[in-house]
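First the structure, in the form of C-alpha cells, and then the observations on it.
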Amino acid sequence: MARVPAVAPARATTLILLRHGLTRSTGRILPGRAPGLHLSERGRVQAEAAAAALSELPAPGALYTSPLERTRETAAPVARALGLRARSHRGLLECDFGDWTGRSLAQLRRTRDWSTVQHAPSAFRFPGGESFAEMQRRIWDTLGELAAAHPGQSVVAVSHADPIKAALTYALGVPLDLFQRTVVSPGSLSVLVLGAGAPVVLCVNRTGSLSELVAS
C-alpha cells in the first residue's frame, strides 16, 4: 500500500483527534456529560500509549480537551510528553444524551428508539438533550475554529467517540445516517487535515505508531 503523504499545504491545519481512554463503565453505561467518571487503570495505560505515539510526530502547536474528567485525564500525559498546556473547550464535549444519561446500554437496546439511533440517527434527538445533527455541527464548527486559530500547525483534540465519529464521517462525505458504521476505540487516534480545500482524512481509529505520517 502506498504511504499517505504527510506534508500538508503551509496554511492547512492537521487535527489529531484522540478519544479518551477506557473507564469503568465503557461499553456498559451511557455516561454522557455526567461528572465524576475517571479513567480505569487500562484507560491510563491507553493515554500513556497515545502520548508516546504523538511524541513521534512533529511537535503540535496546541492541545485541547473536552472539559470532562476522562478526557482531561487522557490529555494529561500528552501534555507532559509534548510540553503543552491542555486547554478546555466545550465544543469537544460528549453528545448531550439528556434523559438517557447514566442508563445502561443493555436497557437502551430494548427500547423502540434504539433502532433509530443506530440506523437513522439524523432523525433522532435525545429526550431532553441534543440531536445527532446538532452534535455533528457543533464538533465540525469547533474543529474549524481550532484550524483557523492554528493555521499551518497540528492540533491535538481530546474528545469522545460520537463527536469524533461524526466529524470523521462528515469529512469523508458519509451521510450522518451511516456514521455508526465507523469505529473509534478508546485511546485511539484519528487524523484529518483542514484548510487545504476539501478535508483530507489521514487515518482513523489508530492505536499504534503514527510514524508513517511523518514526512520522509
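Can residue 127 be described as of a type outside the set (A, V, I, L, M), part of a loop (DSSP other than H, G, I, E, B) and over 22 Å from residue 43 (Cα atoms)?
Details: of a type outside the set (A, V, I, L, M): yes; part of a loop (DSSP other than H, G, I, E, B): yes; over 22 Å from residue 43 (Cα atoms): yes.
Spelling it out, residue 127 is indeed of a type outside the set (A, V, I, L, M), part of a loop (DSSP other than H, G, I, E, B) and over 22 Å from residue 43 (Cα atoms).
Just one of 90, 85, 72, 137 is closer than 17 Å to residue 161 by Cβ, at pLDDT 95 or above and under 20 Å from the mean Cα position of the chain (by Cα); which is it? Outline the logic, then answer.
Values: 90 fails: closer than 17 Å to residue 161 by Cβ; 85 fails: closer than 17 Å to residue 161 by Cβ; 137 fails: closer than 17 Å to residue 161 by Cβ.
Going through 90, 85, 72, 137 in turn, the sole match is 72.
Per-residue answers, yes or no, for (1) hydroxyl-bearing (Ser, Thr, Tyr); (2) out of contact with any Lys or Arg (no Cβ under 8 Å at 6 or more places or on another chain); (3) more than 30 Å from residue 63 (Cα to Cα); (4) without any contact (Cβ under 8 Å) to a residue 24 or more places away in the chain:
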position	(1), (2), (3), (4)
83	no, yes, no, no
89	no, yes, no, no
92	no, yes, no, no
99	no, yes, yes, no
106	no, no, yes, no
128	no, yes, yes, no
135	no, yes, no, no
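Just one of the numbered conditions (1) in contact with a Pro (Cβ under 6 Å, 6 or more places away or on another chain); (2) buried (at least 19 other Cβ atoms within 10 Å of the Cβ) is not true of residue 98; which one?
(2)
In region 155-183, which residue that is among the charged types (D, E, K, R) and farther than 19 Å from residue 73 by Cα is surrounded by the fewest Cβ atoms within 10 Å (Cβ to Cβ)? Before the answer, list the steps.
Here is the first cut: in region 155-183, the ones among the charged types (D, E, K, R) are 162, 165, 177, 181.
Checking the rest, the ones that are also farther than 19 Å from residue 73 by Cα come to 165, 177, 181.
On the way: 165: 26, 177: 17, 181: 10.
Ranking the qualifying residues of region 155-183, first place goes to 181.
Assess whether residue 152 counts as being closer than 17 Å to residue 98 by Cβ and not in a helix (DSSP H, G or I). Write out each step before concluding.
Values: closer than 17 Å to residue 98 by Cβ: no; not in a helix (DSSP H, G or I): yes.
Here the answer is no, as residue 152 does not meet what is asked.
Surrounded by fewer than 18 Cβ atoms within 10 Å (Cβ to Cβ) and charged (D, E, K, R): does that describe residue 134?
On the way: surrounded by fewer than 18 Cβ atoms within 10 Å (Cβ to Cβ): yes; charged (D, E, K, R): yes.
In short, yes.
How many residues does region 26-56 hold that are in contact with a Ser or Thr (Cβ under 9 Å, 6 or more places away or on another chain), of a type in the set (Gly, Ala, Ser) and in contact (Cβ under 8 Å) with a residue 40 or more places away in the chain?
7
The values are calculated or read from the model by the stated rules, or taken from the named source; none is laboratory data. Because the structure is predicted, anything quoted here is derived from the model rather than measured. Counting neighbours? That spans all protein chains shown, and the Cβs are built from the backbone with ideal geometry, glycine included.
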